[in-house]
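The values are calculated or read from the model by the stated rules, or taken from the named source; none is laboratory data. This one's a predicted model, so the numbers in the text were calculated from it and none came from an experiment. Here the Cβ is made from the backbone with ideal geometry for all residues, glycine too, and neighbour counts use every protein chain on show.
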Amino acid sequence: MSQEINENFSLIAPQSLDVRTGKIVSGSTVPYISLSEANTATTGKRYLGMTILVDSGAGLKEYWYKDGITNNDLELKTSSGGTGTITSVFGRTTPSIIATSGDYMASQVTNALSSIVSYSNPSWLTGLASSKIIDDSTHRFVTDSDKTIWNAKQSGSGDLTAISALSPVNDDIIQRKSGAWTNRTIAQYKTDLSLTKSDVSLGNVDNVSDLNKPISTATQTALDLKQDSLGYTAVPNTRTINGYALSANITLVKGDLSLGNVDNTSDSTKNSATVTLTNKTISGVDNTITNIGTSGISNSAITYAKIQNIAASRLFGNPTVSSATPSEISLGSSLSFSGSVISVVDNTSTQKIISYSEGSIVGTRKGINFVSGANTTITITDDSVNDRVNVTIDSAGGGGGGTPGGSSGQLQYNNAASFGGTIAGVYTTSGNLFMYTSQAVGDIPLTLKGAASQTGDLFRAVNSSSVILAKITSAGNISATNLSGTNTGDQTITLTGEVTGSGVGSFGTTITANVVSNTHLRTSVALSVIGRSANSTGNVADISAGTDGYVLRRSGTSLGFGQIVAAGITDATITYAKLQNITSQTLLGRYALTAGVGQEITIGTGLDLDDTTGILSATGSGGTCYDTLSIFTANPATTISASTTNYISLNGNTFNSTLANRVIVIPMSGTLKNLFVFASGTQPASGTLVFTIMKASSFGSIADTALIVTISASTAAGTGTVYSNTVDGVSVSAGDLIVIKVVNNATASSFTINDISLLMTN
């Protein structure tokens with residue numbers, strides 16, 4: 001916690017009051033030589049607005065952590081266009097030289113830049129943070145490596161574009177012919193070359209048989225000098241030929257002639273000999289390879305070009321009814337090729353229609369002719385949608401005669417104008433045209449029975465103009481255009497049930513209490529209740545709920561749906577459990593300088609919130625004073641290879657398989673705790689992923705600590721999940737060596753490790 005003092009500090013040594021401003025050399029504060037050195041030295045010790053002295057050889061400059069405490073936030077603190085002391089800016093003089101809103105407009109900056117003759121050394125521009133510069137579609141920032149890659153690219157070429165569009169096969173040669181690039185076979189290319197023996201440096205070679213091969217002039221001269229015949233001179237017995245004495249029979253073997261590896265096989269036998277070839281190429285038209293199994297040929301290895309030629313207009317297949325070697329299949333008279341498409345040929349001479357009459361063939365012709373007879377109309381239409389011809393046959397009328405068959409009880413019509421087996425239904429030409437008489441007192445003369453789920457009327461009476469005069473609906477309702485009678489009030493009407501009443505003519509009705517059900521009420525709009533929203537007596541109406549989460553409540557003099565206001569909540573009724581969850585180790589309040597919604601407040605330096613008792617304590621006398629709080633964050637954003645161990649330093653961003661390459665020195669004593677891992681994806685099912693903090697006072701003794709985070713196999717992190725160990729802690733001393741070890745026990749690459757965070761307090 002902060003300490004109050006009543007006197008100024010009096011520093012005798014030639015040092016800055018804040019050791020972080022520069023570095024101590026021979027007891028004096030000197031500036032850092034680079035921004036990188038400054039950032040390294042102040043890691044874990046920075047605060048917003050902290051000033052840093054840097055002299056990289058161009059003079060002493062002040063830098064400060066202006067907008068944050070990351071490396072990229074270290075910016076030049078003061079800068080002027082000239083030398084000397086700044087006495088005024090925008091009309092403001094010392095001590096009021098403070099930039100205000102509107103000092104620099106975009107147009108002013110643009111004019112200032114445009115007035116500069118050269119940008120050869122814009123140190124004022126290169127000093128800007130890259131995050132402050134926004135590129136667009138016509139102004140991009142690239143690295144030197146990007147420029148190197150682009151400069152090495154092949155310039156655009158129409159020839160390269162044409163070549164890339166070709167579709168060559170193996171052994172093809174790219175050749176330009178007739179002003180265009182094309183792929184050619186080796187045979188085609190040899191034809192174009194028209195090679196002669198001089199083209200292959202064999203111009204002096206004679207193409208003659210062995211018996212007619214010439215010899216050189218020098219050889220001929222030497223032969224001419226040879227003796228025509230030899231005289232006999234005895235050869236001493238001590239003479240030998242290739243180690244064989246001339247006194248004995250000389251027997252030479254193929255090894256004596258350096259032909260030990262040559263097989264003494266006849267020509268007829270050579271072709272049948274069993275030979276094993278490895279990585280050899282067989283050429284020549286007289287070589288035949290047989291008995292190659294299908295396993296010796298790779299899938300898709302035999303191209304169409306390797307299959308023997310087939311005759312024109314043929315298919316390749318098996319026309320037999322059993323498995324057999326493929327053969328050529330000829331196209332019949334009704335099939336044809338058009339390019340690579342096979343089609344059926346329209347042939348009216350052979351494609352005919354067979355016509356039958358009651359099972360007997362009438363004829364086979366290419367067409368059928370429909371002829372209308374007496375009282376018969378035939379309509380023929382072409383139905384192109386369904387690919388058919390529709391034939392409709394209508395009869396204009398018909399007659400009959402004779403005595404109907406069947407028995408009594410069946411519906412019949414005969415020449416006596418009677419229906420039925422008995423004279424029950426009678427048709428006449430005048431009067432009652434049709435009358436059906438009951439045969440017994442229990443008979444029903446006429447029944448109209450509807451179909452299942454009948455919707456049409458069961459009965460209709462229409463006039464000569466087909467106007468409906470009366471009808472019986474499928475529900476049994478009877479209606480007519482003129483229902484009238486002679487009632488003159490002599491009928492008493494009595495209502496019973498939910499609605500009651502009685503009388504003649506006009507009479508009053510009443511509704512029994514508690515009998516109107518929900519279904520008898522009018523319909524309401526969706527998501528509403530029936531009531532009266534106004535603070536007055538009147539008709540009810542729908543009160544709609546238009547927004548999710550709103551409740552029905554009284555607000556002023558109205559009833560409606562809306563949010564619950566403070567007045568609608570009874571004091572001391574909202575429990576802690578009803579409040580939204582808050583981040584661990586935080587308080588609720590409001591740190592903003594204006595009234596508003598509550599905010600989460602982080603526990604800062606000098607305070608400690610016990611996670612067991614819930615007691616917030618001021619750390620100082622009687623407590624633990626956290627005068628230093630450091631957060632280490634590693635950002636690898638990568639995976640760990642299968643079955644490997646890697647290391648990463650605190651605040652590092654890359655893994656390394658060698659421990660010594662990632663170990664760092666802790667400059668102060670304290671406690672390491674709260675190890676957090678942020679990851680994405682799914683850890684393989686074959687093993688765990690383990691994060692361990694290692695420490696030692698010397699490199700040779702570095703070992704694992706109890707601060708470990710283990711992620712189980714098959715753990716799915718999705719788009720991002722946090723894993724942590726907030727229980728264990730590791731005490732460290734100034735000068736201790738620290739490193740994070742990551743072990744992937746899976747046989748496949750781990751999921752992506754985005755971030756590793758660690759807290760250090762003293």
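Select from segment 185-219 the residues that are modelled with pLDDT under 80 and acidic (Asp, Glu) and list them in ascending order.
If the condition is that a residue be modelled with pLDDT under 80 and acidic (Asp, Glu), then Asp206, Asp210 are the ones that fit.
Looking only at segment 563-581, decide whether some residue is assigned to a loop (DSSP other than H, G, I, E, B), of a type in the set (Lys, Arg) and at pLDDT below 85.
For segment 563-581, residues assigned to a loop (DSSP other than H, G, I, E, B), of a type in the set (Lys, Arg) and at pLDDT below 85: absent.
Kindly indicate which of Gly687, Gly720 is assigned by TED's automatic domain parsing to the domain that holds Thr654, over 24 Å from Asp610 (Cα atoms), of a type outside the set (A, V, I, L, M, F, W, C) and at pLDDT below 90.
Details: Gly687 fails: at pLDDT below 90.
Just one listed residue meets the conditions, Gly720.
Considering every residue within segment 710-725, establish whether at least one is under 17 Å from Leu650 (Cα atoms), β-branched (Val, Ile, Thr) and surrounded by 14 or more Cβ atoms within 10 Å (Cβ to Cβ).
The answer is no; no qualifying residue exists.
Out of the residues in segment 303-321 meeting the condition of being modelled with pLDDT under 80 and in a loop (DSSP other than H, G, I, E, B), tell me which one is surrounded by the fewest Cβ atoms within 10 Å (Cβ to Cβ).
Restricting to residues being modelled with pLDDT under 80 and in a loop (DSSP other than H, G, I, E, B), the top hit is Val321.
Filter segment 669-710 down to the residues that are among the aromatic types (Phe, Trp, Tyr) and either in a strand (DSSP E or B) or closer than 14 Å to Tyr723 by Cβ (or both) and list them by number.
Residues satisfying the conditions are Phe676, Phe678, Phe691.
Six or more apart or on different chains, Cβ under 8 Å: which pairs go from a residue in segment 201-221 that's of a type in the set (Gly, Ala, Ser) to one that's assigned to a helix (DSSP H, G or I)? Could you list them?
Gly203/Lys197
Taking Gly549 as the residue in question, decide whether it is outside the structural domain of Asn71 (by TED's automatic domain parsing), part of a loop (DSSP other than H, G, I, E, B) and modelled with pLDDT under 80.
So Gly549 does not fit the description; no.
When segment 322-360 is examined, which residues are found to be of a type in the set (A, V, I, L, M, F, W, C), part of a loop (DSSP other than H, G, I, E, B) and at pLDDT 75 or above?
Passing the criteria: Ala324, Leu331.
Say whether the condition of being among the charged types (D, E, K, R) and surrounded by 10 or more Cβ atoms within 10 Å (Cβ to Cβ) is met by at least one residue in segment 571-579. Steps first, please.
As a first pass, look at segment 571-579 and keep what is among the charged types (D, E, K, R): 571, 578.
Within this subset, residues satisfying the condition of being surrounded by 10 or more Cβ atoms within 10 Å (Cβ to Cβ) are none.
Looking through segment 571-579, none of the residues is among the charged types (D, E, K, R) and surrounded by 10 or more Cβ atoms within 10 Å (Cβ to Cβ).
Filter segment 479-491 for residues that are part of a loop (DSSP other than H, G, I, E, B) and either at pLDDT 85 or above or surrounded by 10 or more Cβ atoms within 10 Å (Cβ to Cβ) (or both) and give the result. Walk me through how you get there before you give the answer.
We begin by selecting, within segment 479-491, every residue part of a loop (DSSP other than H, G, I, E, B); these are 481-491.
Across segment 479-491, the qualifying residue is only Thr481.
Return the residue satisfying two criteria in turn: it lies in segment 141-164 and is closer than 22 Å to Gln175 by Cβ and assigned to a loop (DSSP other than H, G, I, E, B), and of such residues it is modelled with the highest pLDDT.
Initial filter on segment 141-164 (closer than 22 Å to Gln175 by Cβ): 154, 157-164.
Retained after the next criterion (residues that are assigned to a loop (DSSP other than H, G, I, E, B)): 154, 157.
Numbers: Gln154: 76, Ser157: 81.
Restricting to residues being closer than 22 Å to Gln175 by Cβ and assigned to a loop (DSSP other than H, G, I, E, B), the top hit is Ser157.
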